[in-house]
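Colleague: Take this structure first; my questions come after.
The values are calculated or read from the model by the stated rules, or taken from the named source; none is laboratory data. Model, not experiment: these values are computed from the prediction. A quick note on method: Cβ atoms are made from the backbone with ideal geometry, for glycine too, and the neighbour counts reach across all protein chains shown. We work out accessible area using only protein heavy atoms, side chains counted, and drop any ligands, DNA or RNA first. Shrake-Rupley method; radii C 1.70, N 1.55, O 1.52, S 1.80 Å.
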Amino acid sequence: MARLGSSMLYSLLLFIFVLSIQEMYRAKLASTELLTIMGDFSSSPLFLLLLAFIGNIQESSSSRTGWGAVVLAEIVALVAESTVHRVCITICFLFSRVLLYEINKLSGMMIGKTEVKAKQH
C-alpha cells in the first residue's frame with residue numbers, strides 16, 4: 001500500500017500532467033464531436049485525482065473526507081474543463097458522477113471485506 005505522502009504527490013503530479021496534456025491539445029479536442037467527447041471522458045480522471053489529493057490532505061490532518069471535498073474537486077475539474085470546450089463542463093459533470101458512484105460502491109465492498117476479516121480474528 002502506498003504511503004500517504006507519496007500517494008498525495010502522485011495524485012497531484014498526475015492531475016497536473018493530465019491537465020497539461022488537455023491544454024496542449026485544446027484546439028484538437030474541440031475540433032470534432034468525437035474528440036470533444038474523448039476530451040470530456042479524459043476530464044473525469046481530473047476529478048478523481050484531485051479528490052484523491054484532497055482526501056490525502058484531510059487524512060494527514062486526521063479529519064474526515066466528506067462532501068465538501070467532493071464539491072471542491074468537482075468545481076476545480078469543471079473550471080479546468082471549461083478552458084477546453086463548453087460542452088466539456090456538462091459531460092465532465094456526468095462522467096464524474098458515474099465515477100463517484102463506482103468509487104463509493106467499491107469503497108463499500110472494501111469496507112465490508114475489512115469488517116468480515118476483523119470479525120474472524
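Colleague: What is the number of the single condition among (1) open to solvent by less than 30 Å² (accessible area, probe 1.4 Å); (2) among the small types (Gly, Ala, Ser); (3) free of Cβ contacts under 8 Å to residues at least 40 places away in the same chain that Ala80 does not meet?
Modeller: Failed condition: (3).
Colleague: Phe93 - would you say it is open to solvent by 80 Å² or more (accessible area, probe 1.4 Å), modelled with pLDDT of 80 or more and farther than 27 Å from Gly5 by Cα?
Modeller: Yes, satisfied.
Colleague: Are any of the residues in the range 97-116 at pLDDT below 85, among the acidic types (Asp, Glu) and open to solvent by 40 Å² or more (accessible area, probe 1.4 Å)?
Modeller: Scanning the range 97-116 turns up at least one residue that is at pLDDT below 85, among the acidic types (Asp, Glu) and open to solvent by 40 Å² or more (accessible area, probe 1.4 Å).
Colleague: For the range 6-41, enumerate the residues that are open to solvent by less than 50 Å² (accessible area, probe 1.4 Å), part of a helix (DSSP H, G or I) and in contact (Cβ under 8 Å) with a residue 12 or more places away in the chain.
Modeller: Ser7, Met8, Ser11, Phe15, Val18, Leu19, Gln22, Leu29, Thr36, Gly39, Asp40
Colleague: Turning to a different aspect of this structure: For the range 42-74, give me each residue that is farther than 17 Å from Leu100 by Cβ and either open to solvent by 80 Å² or more (accessible area, probe 1.4 Å) or of a type in the set (Val, Ile, Thr) (or both).
Modeller: Matches in the range 42-74: Ile57, Glu59, Ser62.
Colleague: Kindly indicate the residue of the range 69-88 that is more than 14 Å from the chain's Cα centre (by Cα) and assigned to a helix (DSSP H, G or I) and also modelled with the highest pLDDT among those meeting that condition.
Modeller: Ser82
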